[in-house]
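Rule-based calculations on the coordinates, nothing more; no lab input. Here the structure is a predicted model, which means the values were calculated and not measured. All Cβ positions, even for glycine, are placed from backbone atoms using ideal geometry, and neighbour counts span all protein chains on display.
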Amino acid sequence: MTPLARRTLLFAPLGVAAVGGGLFFGMLRDMQTGEYNPRGVPSALIGRPVPDFALPPVEGAEMPGFSQADLARLGGPVLVNFWASWCVPCIVEHPQLMRLSREGITVAGIAYKDRDADSVGFLRRHGNPFRLLAKDQPGRTAIDWGVYGVPETYLVDRQGIIRWRFAGPITDEVLAQDLRPLLRRYAS
Amino acid sequence: MIAELGHFALALALVLALAQTVLPLVGAERRDARLMAAAGPLAVGQTVAIAAAFACLTWLYVANDTSVLNVVQNSHSAKPMLYKVTGVWGNHEGSLLLWVLILALCGAAVAGFGRDLPSALKARVLGVLGLVSVGFVAFTLKTSNPFERIWPPPLDGQGLNPVLQDIGLAIHPPLLYVGYVGYAVTFAFAVAALIEGRVDAAWGRWVRPWSLAAWSFLTLGIALGSWWAYYELGWGGYWFWDPVENASLLPWLVGTALLHSAIVVEKREALKTWTVLLAIIAFGMSLLGTFLVRSGVLNSVHSFANDPERGMFILALLMFYLGGAFALFAWRAQTMVPTGIFAPVSREGSLVLNNLLLCSITAVVFVGTLWPMFADALMGEKISVGPPFFNAATFPLAVPLVLAMAAGPLMPWKRAALFPVMQRLWFAGVAMLAVLMVGYALSGHRVLPALGFAFAAWVVLAAAADIGDRVALFRTPLRNSWNRARGLPRAAWGAAIGHAGIGIVAAGIAGMGLAQERLAALSPGESIQMAGYEWRLDGVRDFTGPNFTARKATISVLRDGQVIDVMEPSRRWFPIARQNTTEAAIHTNLMYDLYAVIGEEDGSGKAVIRVHYNLLAPWLWIGAGIMAIGGALSLSDRRVRVSAPARRAAAGTVPA
């Protein structure tokens with residue numbers, strides 16, 4: 001290593017600390033003026049288009065996989081639900097998804113890090129609310145969507161923009177207080 | 001009166017800390033022995049003053065003095081005495097006071113144990129510690145005065161957050177703070193070395209025990225926090241990659257790297273610049289954690305109530321200490337020339353690999369923790385980085401780390417060959433493959449848990465191979481080996497035991513990967529099957545504690561029709577804090593935990609019950625305990641004791 005390179009390298013920690021400090025300073029200043037609020041975390045990709053993805057089918061479910069183009073083709077609000085057969089709260093929210101599906105709401109399911117046979121068994125036991133079904137076994141698409149854990153549900157409007165995200169099971173309360181009004185708003 | 005006394009003691013501590021900063025640093029520069037000698041007594045005096053302030057605050061809590069704002073906000077007369085006392089540090093102001101108390105105690109310990117430390121180095125270390133103390137005592141006095149009065153005094157306090165009313169959480173912060181503050185000492189050594197422009201083996205010999213002690217406490221503190229989350233939050237998990245958890249993991253990762261690179265400085269006088277940098281970063285990470293938790297820039301279940309004004313002050317402190325140290329580093333690190341040279345395949349080489357991997361993991365966790373905040377603040381983009389990212393990004397880095405940590409201790413210094421190491425590890429390798437295959441078959445073809453078990457076997461057996469090799473097991477008569485084992489330096493035992501502890505933790509993580517859980521709404525008398533057990537809900541009843549009411553479920557766990565345990569999970573309601581908490585019931589036999597939580601009840605008498613079968617869950621915390629024991633054993637090594645020969649004589653000057 002040349003002396004100059006060594007000297008530059010020795011300054012690197014100072015540089016990193018200065019940049020980090022500047023960013024934190026800006027953050028705190030904006031918090032004081034109210035421009036920045038860390039607690040208002042609506043989440044990941046609200047108001048942004050669906051990230052690109054194309055997922056394979058769940059073997060044995062006899063439904064093709066789907067991509068973001070398929071979501072757009074549906075031409076209406078879609079609920080995208082990340083779930084897994086091993087996820088306990090998914091069982092809790094399942095009846096609500098079934099009800100929505102019966103009411104004609106399109107629900108697209110992405111089986112997250114699940115074995116095909118288990119996913120199929122789950123749907124056979126509890127019913128299949130999904131118009132579209134695919135699997136994300138490696139979990140890469142879930143990272144793109146910013147999934148925190150399963151179950152997690154996104155509302156995508158007809159333009160393919162994510163309008164709402166909910167981490168955790170969709171209970172009756174969530175359905176009545178949050179989801180129903182949104183579905184009404186984006187249905188037209 | 002007591003409150004004012006405490007406030008005064010704290011102000012006095014600030015003055016003493018200022019003197020402890022200025023006099024020894026000036027003295028060391030001028031080679032004035034009298035000024036340098038002032039450092040020790042000033043450090044002791046500062047400790048006494050802060051201890052007095054802390055005692056005052058404790059007294060106010062015990063007496064439930066409602067004319068003090070801090071007591072009103074965080075205590076209540078109905079609280080059990082134990083939690084009145086632990087409540088002293090269960091809030092921002094009190095925990096800060098504990099922080100500076102531990103810092104002062106560490107300074108006094110350096111003054112007391114450091115009899116044979118070169119006087120200039122000792123003066124500079126104590127001076128830098130004094131400077132750290134000045135910042136934090138000033139912060140406490142300026143923005144977080146725990147002795148502030150309130151008028152008119154309310155009749156009673158508002159109660160401690162009931163989630164914090166727990167013995168695990170009561171000792172978790174002190175352990176964690178000892179860890180954080182321990183890195184303040186290694187930081188002080190690093191800065192002192194930069195001022196002197198000299199790092200040698202003696203420096204390494206002093207830094208290693210401090211980083212070892214800090215690391216052991218931090219390990220225990222993190223494990224205790226994880227255990228608390230496990231039994232108190234009732235989610236059945238042990239690590240959630242929550243930003244606050246990550247904030248405590250970051251100094252641990254850097255501290256682990258420091259621990260290993262300090263060995264190279266001590267034994268071989270190489271990696272000096274790097275070790276100094278790590279010592280600075282380790283403390284920087286501790287401060288960053290403090291900043292994140294107390295400034296309000298992130299939201300988490302663990303963080304204190306906070307405001308941006310305090311955040312500004314801590315940020316200023318962080319930038320002052322870290323920026324100052326980095327500037328000094330950029331300016332002075334040029335002068336540090338490594339004297340020991342080594343081949344890539346050698347003990348040093350394996351420790352460099354360890355450092356590279358640990359620092360890569362640190363970088364991943366660091367970016368994953370901070371990126372969402374920065375993206376939000378800079379671009380208005382809301383990103384959440386969750387467990388999938390952390391698991392996916394750290395696992396590939398942990399694999400080579402685990403593989404290499406087995407081989408490193410078996411390599412000689414300077415230059416090694418891989419073949420002899422492999423020769424001594426072949427049985428661990430065979431065992432690893434066997435465990436991998438058996439684990440894969442038994443776990444229902446799950447790759448990751450099987451890999452985890454295989455790594456666990458590899459690490460534990462390699463640690464055994466290390467000891468076996470050193471005592472020449474099977475190569476000499478057993479009696480001879482026994483004598484050698486007794487004569488082995490404790491640091492060797494400590495390293496082997498510490499590494500084996502990591503293996504135990506790995507087995508615990510792998511076991512938890514196979515955990516099962518089930519959720520069901522049951523009426524009394526109904527039961528569900530899980531993991532070969534029948535879980536029967538016998539009933540749910542009311543229960544009253546000292547300051548809460550609760551609903552307690554009785555769940556009988558049956559195997560083959562025999563009741564093997566009766567579990568009583570409860571849901572507590574704290575009327576004063578208007579808050580619910582979950583008390584999981586755990587039945588453990590050290591191989592697995594049966595874990596039950598009671599959820600909501602509907603009107604018709606059904607209760608939601610969640611039951612878990614957590615394979616090897618206890619090993620997570622047992623393993624962490626073993627790691628800390630390894631650290632303690634290494635700390636009691638002869639070469640650490642020898643470097644402080646006058647300890648018995650010095651004991652009188654160190655107030656406990």
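Tabulated results
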{"read-out": "Cβ-derived FRET efficiency at R0 56 Å, B:D538 paired with B:N483, nearest 0.05", "value": "0.45"}
{"read-out": "Label-point separation in nm, B:A434 to A:R102, each point 7 Å along Cα→Cβ", "value": "5.7"}
{"read-out": "Interchain or long-range residues, amide H under 5 Å from A:S67's placed H", "value": "A:L55"}
{"read-out": "Lysines with Cα under 22 Å of B:K414, excluding same-chain neighbours fewer than 8 positions away", "value": "B:K267, B:K272"}
{"read-out": "Positive-end residue of A:G168, A:F53, A:L9, charge dipole of chain A with Cβ unit charges", "value": "A:L9"}
{"read-out": "The stretch A:1-146, dipole about Cα centre (Lys/Arg Cβ +1, Asp/Glu Cβ -1), debye to the nearest 20", "value": "320"}
{"read-out": "Cα-based Rg and Dmax for chain B, where Dmax is the largest Cα-Cα distance (Å)", "value": "26.4, 82"}
{"read-out": "Loop trypsin sites (Lys or Arg not before Pro), the stretch B:532-637 (other Cβ atoms within 10 Å of the site Cβ: 10 or fewer; DSSP)", "value": "B:R578"}
{"read-out": "Hull shadow area, averaged, the protein assembly as shown [alpha-carbon convex hull, nm²]", "value": "39.6"}
{"read-out": "Within the stretch A:114-188, trypsin sites (Lys or Arg not before Pro) in DSSP loop having at most 15 other beta-carbon neighbours inside 10 Å", "value": "A:R158"}
{"read-out": "Two-site label geometry, A:A5 and B:L82: point separation in nm, points 7 Å out along Cα→Cβ", "value": "6.0"}
{"read-out": "Long-range amide H partners of A:T106 with built H, under 5 Å", "value": "A:L79"}
{"read-out": "15 Å beta-carbon shell around B:M591, net charge (K/R +1, D/E -1)", "value": "-1"}
{"read-out": "Debye intensity ratio I(q)/I(0), log10, the stretch A:30-188, q values 0.09, 0.10, 0.15 Å⁻¹ (C-alpha model)", "value": "-0.28, -0.34, -0.76"}
{"read-out": "Cβ-isolated cysteines (cut-off 4.7 Å), the protein assembly as shown", "value": "B:C56, B:C106, B:C359"}
{"read-out": "For the stretch B:307-358: span of alpha carbons on each principal axis (Å, largest first)", "value": "51, 27, 9"}
{"read-out": "Residue among B:A393, B:M379, B:A270 farthest towards the positive dipole end of chain B, charges placed on Cβ", "value": "B:A270"}
{"read-out": "Electrostatic dipole magnitude of chain B [Cβ: Lys, Arg +1; Asp, Glu -1; Cα centre; debye, to 20]", "value": "2560"}
{"read-out": "Candidate lysines - alpha carbon under 28 Å from B:K84, same-chain residues fewer than 8 apart omitted", "value": "B:K142, B:K552"}
{"read-out": "Chain A: DSSP helices with Cα axial extent of at least 30 Å and average Kyte-Doolittle hydropathy no lower than 1.0", "value": "none"}
{"read-out": "Pair-distance profile P(r), taking every C-alpha pair of the stretch A:77-158, with 10 angstrom steps and integer %", "value": "19, 57, 23, 1"}
{"read-out": "Computed magnitude of the charge dipole of the protein assembly as shown (debye, nearest 20; Cβ of K, R +1, Cβ of D, E -1)", "value": "2660"}
{"read-out": "Potential extension, B:R424-B:E196 segment - 0.36 nm per residue separation minus Cα distance", "value": "77.7 nm"}
{"read-out": "Derived scalar couplings ³J(HN,Hα) [the stretch B:517-530; Karplus, 6.51 cos²θ - 1.76 cosθ + 1.60; whole Hz; x for Gly, Pro]", "value": "8, 9, 10, 7, 9, 10, 8, x, x, 7, 9, 10, 9, 7"}
{"read-out": "Three-way shape call for the stretch B:504-634 based on the alpha-carbon gyration tensor, with the a/c threshold at 1.5", "value": "oblate"}
{"read-out": "Highest-fluctuation residue, A:D30, A:D172, A:D144 considered, GNM on chain A with Cα pairs under 10 Å", "value": "A:D30"}
{"read-out": "Zero-based 5 Å bins, Cα pair distances in the stretch B:210-263, whole percents", "value": "4, 20, 26, 20, 14, 9, 5, 2, 0"}
{"read-out": "Loop-resident sites, the stretch B:373-456, for trypsin sites (Lys or Arg not before Pro), counting at most 12 other Cβ within 10 Å (DSSP)", "value": "none"}
{"read-out": "Burial ordering of A:H94, B:H587, B:H612, fewest other beta-carbon atoms within 10 Å first", "value": "B:H587, A:H94, B:H612"}
{"read-out": "Equivalent-ellipsoid semi-axes of the stretch B:412-492, from the Cα gyration tensor, Å, largest first", "value": "30, 15, 11"}
{"read-out": "Dipole of the stretch B:80-191 [Lys/Arg +1, Asp/Glu -1 at C-beta], most positive-end residue of B:Y83, B:V178, B:Q158", "value": "B:V178"}
{"read-out": "B:R31-B:A63 FRET efficiency (beta carbon distance; Förster radius 41 Å; 0.05 resolution)", "value": "0.25"}
{"read-out": "Label-point separation in nm, A:R125 to A:F25, each point 7 Å along Cα→Cβ", "value": "5.7"}
